[in-house]
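**Q** Have a look at this one before I ask anything.
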Amino acid sequence: SGRPNFQQVLRARWSDKLPQGLGDAAWDELAPVDFPMAGQVVAEPRQFTPSVERVAARAAYNAGELALLIEWDDRVKDAGDAVEVELPRRFNPPAGQTTESEKPHFLKGDAQRPVELWRWEAKGDKLSSWTSKGLRSKPAANAADGVFVSSAAFQDGLWRLYVRRKLAPAEAAGV
């Protein structure tokens, strides 16, 4: 329909065969979810005006892997281009909580609900993974070797990033 599909959370869809790259036609079967970007005024360095208005994402998973396609318009390709994805580190509710309605803090998680951060940077076409327990905690690097596959392309003002990550059995149950 061409209209944005704004959501707060991206839910991955089960797929026996995951899309294998940026150009895989299987992505066409997944409706994108749009996330509006806003200025980040909570922590230094503050950015009051985002350079990107929205990010679109699609996700699919199976028993062994999670695949994401992330797209965003960018007027200029430069070495500073980057995107960060935040995922709950644990998919089950914390002890004493009966529902999954409590999500981690949207900016780097919190002590009770840590997050896994995936950061892709155009400089070096590099993907890294971190665990964070909030803005004031120092993120811990996760081993990314052999866990991730990624590729990115910039064409006609559009960045497209493909990320696939192996899942532990407990993760696959709650994606």
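**Q** I'm trying to understand the selection: among the residues of the stretch 102-142, which are farther than 12 Å from LEU87 by Cα and among the polar types (S, T, N, Q)?
**A** Result: GLN112, SER128, SER137, ASN142.
**Q** When you scan the stretch 1-58, how many residues do you find that are open to solvent by 70 Å² or more (accessible area, probe 1.4 Å), over 23 Å from HIS105 (Cβ atoms) and of a type in the set (Lys, Arg)?
**A** So the answer is 3.
**Q** Which pairs turn up if I take residues in the stretch 15-30 that are under 18 Å from GLY64 (Cα atoms) and look for partners that are open to solvent by 30 Å² or more (accessible area, probe 1.4 Å) and of a type in the set (Asp, Glu) with beta carbon separation below 6 Å, at least 6 apart in sequence or on another chain?
**A** The qualifying pairs are LEU18/GLU65.
**Q** Can you name the residue in the stretch 120-136 that is surrounded by fewer than 15 Cβ atoms within 10 Å (Cβ to Cβ) and without any contact (Cβ under 8 Å) to a residue 40 or more places away in the chain and, of all such residues, is farthest from the chain's Cα centre (by Cα)?
**A** Here the residue is ARG136.
The values are calculated or read from the model by the stated rules, or taken from the named source; none is laboratory data. Keep in mind that what you see is a predicted model, and the values were worked out from it rather than measured. Backbone-built Cβ (ideal geometry, glycine too); neighbour counts: all protein chains shown. SASA here: full protein model, heavy atoms, side chains in, ligands and nucleic acids out. Shrake-Rupley method; radii C 1.70, N 1.55, O 1.52, S 1.80 Å.
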